[in-house]
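Notes follow once the structure below has been shown.
The values are calculated or read from the model by the stated rules, or taken from the named source; none is laboratory data. Computed from a predicted model, the values in this text were never measured in an experiment. FYI the Cβ positions are ideal-geometry reconstructions off the backbone, even for glycines, and counts take in every protein chain you see.
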């Protein structure tokens with residue numbers, strides 16, 4: 001009560017002490033601006049990022065191609081920019097979808113309690129224990145058009161962005177579910193929730209007005225930390241040829257042929273991986289900074 | 001304790017059963033079924049032949065029927081034939097599992113060996129430049145794409161310096177023990193590095209947690225130096241959660257091993273699973289995935305049991 005500054009100010013003050021997090025935020029904002037400007041760069045250069053030029057494969061950097069060309073003669077800079085848009089969209093989309101699923105499962109388990117809670121948490125623990133990558137590979141490899149129920153045609157979502165987001169979210173929701181469930185269990189014992197209930201508030205009202213605002217901070221941290229993992233998962237699947245399908249570029253599928261390319265043009269094997277590395281580490285630092293800044297237990301250290 | 005283990009084992013069996021059904025169903029959705037593959041081999045097959053073949057192999061039965069037939073055989077130890085290797089699937093598996101366990105075991109031990117001193121030092125000198133440096137390295141280690149790190153190591157040690165083989169498990173025609181070690185260096189280095197980062201973070205926070213405990217204050221009051229108090233008392237107690245959490249990373253470690261095996265063409269379980277899925281070798285993919293899941297679940301159970309055994313304050317017996 002006696003605190004002179006508001007919670008937002010305290011949050012910013014604490015976040016500012018995490019130097020890596022500050023640097024990461026700046027770097028991510030800059031990257032976002034550059035990636036948003038990709039169509040502008042394309043117009044400026046007057047090159048189509050999907051146009052192949054078999055006579056100029058793996059060309060070294062030049063005025064026309066500042067970073068040179070890839071193994072099909074496409075401009076590397078433009079591929080990196082458009083690939084970044086795809087990789088980042090998958091990272092943000094997958095992490096958000098996972099957070100939504102996790103929040104729903106956690107709320108349901110925490111509020112329903114009893115057998116529902118026991119079943120959902122057993123299920124969550126089961127999913128956490130699974131060897132995830134082989135399962136991701138199977139899910140990425142199956143042919144959904146074989147499922148007559150869904151009525152999907154082969155042509156829908158040919159780049160695979162939507163499918164990868166869904167697959168990654170299928171395994172990414174567990175952290176948030178546990179977090180939300182734990183928070184809901186302890187919040188329900190608190191006076192402000194009990195008094196709201198005593199005053200006749202319905203469960204939906206309590207969820208919206210009392211539970212969600214109080215779990216928003218940990219969910220934000222977990223989601224931020226998940227973005228990096230989703231981007232890594234996308235890059236692995238795309239690298240193996242099961243993720244984002246060419247000609248749509250992603251940082252992962254730009255590395256599909258990297259194993260051969262490191263002998264001929266190491267630049268093509270290094271740059272996309274470097275981008276993945278920097279973005280993932282930036283999101284992890286950002287999440288760490290948010291955690292430090294939002295977790296009041298760490299104040300008196 | 002025994003009741004707890006039995007209950008957990010029942011849970012493991014339940015998850016395995018559920019998984020086997022899900023994976024069986026998913027594999028049926030992969031492009032190209034066994035009959036398709038026969039069709040590509042023989043252009044003179046007619047549609048009557050296809051119907052007859054489907055009946056012979058039971059593919060005209062509904063999914064649940066086929067699954068139960070598979071399960072019945074599996075319970076008797078018959079996991080079917082591998083299409084790619086022309087051997088019973090289970091026989092293909094065994095040597096691969098051994099290779100993977102070597103890769104994972106060595107990397108796990110090395111990662112702990114690096115992470116524990118690094119984590120303790122970071123915890124002792126919190127917020128110093130040393131702590132920040134170790135933290136930066138730890139973040140880099142768990143943020144780097146494992147397959148790309150492997151490629152960089154190949155580029156450096158196999159292409160540029162020509163010191164180590166770029167991939168494989170052993171030289172053609174087999175080799176000495178030293179040769180086998182040479183083939184292990186780069187895969188192990190990659191898996192160790194990507195694993196150590198997480199372990200450093202675990203160790204650091206566990207030691208910080210312990211350093212706040214009263215017995216550390218007591219030890220200091222009795223005249224132990226800060227250094228002695230941490231290494232003799234805090235570290236011992238911090239090791240319990242660290243070892244447990246590390247062992248619980250088995251599934252993650254296995255995923256890492258799969259990537260590393262794919263990059264270095266190392267003949268382990270991960271590469272086997274990947275090749276089986278890509279090569280329409282359903283029987284092999286199924287049994288390999290089940291085995292990987294079973295080993296992971298059992299490793300987690302073992303971690304929990306050892307945790308209880310090491311820390312008498314915890315009681316799952318209730």
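Brief remarks on what is shown
- Of all positions in the range B:37-54, none carries a residue that is within 14 Å of another protein chain (Cβ to nearest Cβ) and surrounded by 15 or more Cβ atoms within 10 Å (Cβ to Cβ).
- Annotation note: of B:256, B:279, the sole residue that is within 23 Å of residue B:80 (Cβ to Cβ) and touching a residue at least 60 places away in the same chain (Cβ under 8 Å) is B:279.
- Number of the exception - residue B:267 against (1) over 12 Å from the mean Cα position of the chain (by Cα); (2) touching a residue at least 24 places away in the same chain (Cβ under 8 Å); (3) more than 17 Å from residue B:190 (Cα to Cα): (3)
- Residues being over 31 Å from the mean Cα position of the chain (by Cα) and either part of a helix (DSSP H, G or I) or within 14 Å of chain A (Cβ to nearest Cβ) (or both) - total across the range B:55-71: 5
- Single condition residue A:260 does not satisfy, out of (1) touching a helix residue (DSSP H, G or I) at 6+ places or on another chain (Cβ under 7 Å); (2) surrounded by fewer than 16 Cβ atoms within 10 Å (Cβ to Cβ); (3) within 30 Å of residue A:142 (Cα to Cα): (1)
- Residue B:194 vs. criteria under 26 Å from residue A:237 (Cβ atoms) and either within 14 Å of chain A (Cβ to nearest Cβ) or at pLDDT 80 or above (or both): yes
- Helices (runs of 4 or more DSSP H) enclosed by the range A:200-301 - at least 1 residues per element that are within 11 Å of chain B (Cβ to nearest Cβ): A:212-239, A:258-264, A:266-294
- Every condition in (1) crowded, with 22+ Cβ neighbours inside 10 Å; (2) over 19 Å from residue B:278 (Cα atoms) is met by residue B:126 except one, and the failing one is (1).
- Residue in the range B:10-28 that is part of a helix (DSSP H, G or I), under 30 Å from the mean Cα position of the chain (by Cα) and away from chain A (no Cβ under 14 Å) present: no
- Selection from the range A:116-126 of residues that are surrounded by fewer than 17 Cβ atoms within 10 Å (Cβ to Cβ) and within 14 Å of chain B (Cβ to nearest Cβ): A:118, A:119, A:122, A:123, A:125
- Test: residue A:163 is within 14 Å of chain B (Cβ to nearest Cβ) and at pLDDT 85 or above: yes
- Residue satisfying all of: in the range B:135-146; buried (at least 23 other Cβ atoms within 10 Å of the Cβ) and in a helix (DSSP H, G or I); nearest to the other protein chains (Cβ to nearest Cβ) among these: B:143
- The criterion of being modelled with pLDDT under 90, more than 27 Å from residue B:20 (Cβ to Cβ) and part of a helix (DSSP H, G or I) does not hold for residue A:128.
- For residue A:113: the one exception among (1) within 14 Å of chain B (Cβ to nearest Cβ); (2) on the phi > 0 side of the Ramachandran plot: (1)
- In summary, no helices (runs of 4 or more DSSP H) completely within the range A:1-86 bear 2 or more residues that are closer than 24 Å to residue A:244 by Cα, touching a helix residue (DSSP H, G or I) at 6+ places or on another chain (Cβ under 9 Å) and within 14 Å of another protein chain (Cβ to nearest Cβ).
- Residue check for residue B:152: more than 23 Å from the chain's Cα centre (by Cα) and without any contact (Cβ under 8 Å) to a residue 12 or more places away in the chain: no
- Count of residues meeting criterion [in a helix (DSSP H, G or I) and without any contact (Cβ under 8 Å) to a residue 12 or more places away in the chain] in the range B:72-94: 5
- Every test in (1) within 12 Å of chain A (Cβ to nearest Cβ); (2) assigned to a helix (DSSP H, G or I) is passed by residue B:167 save one, and that test is (2).
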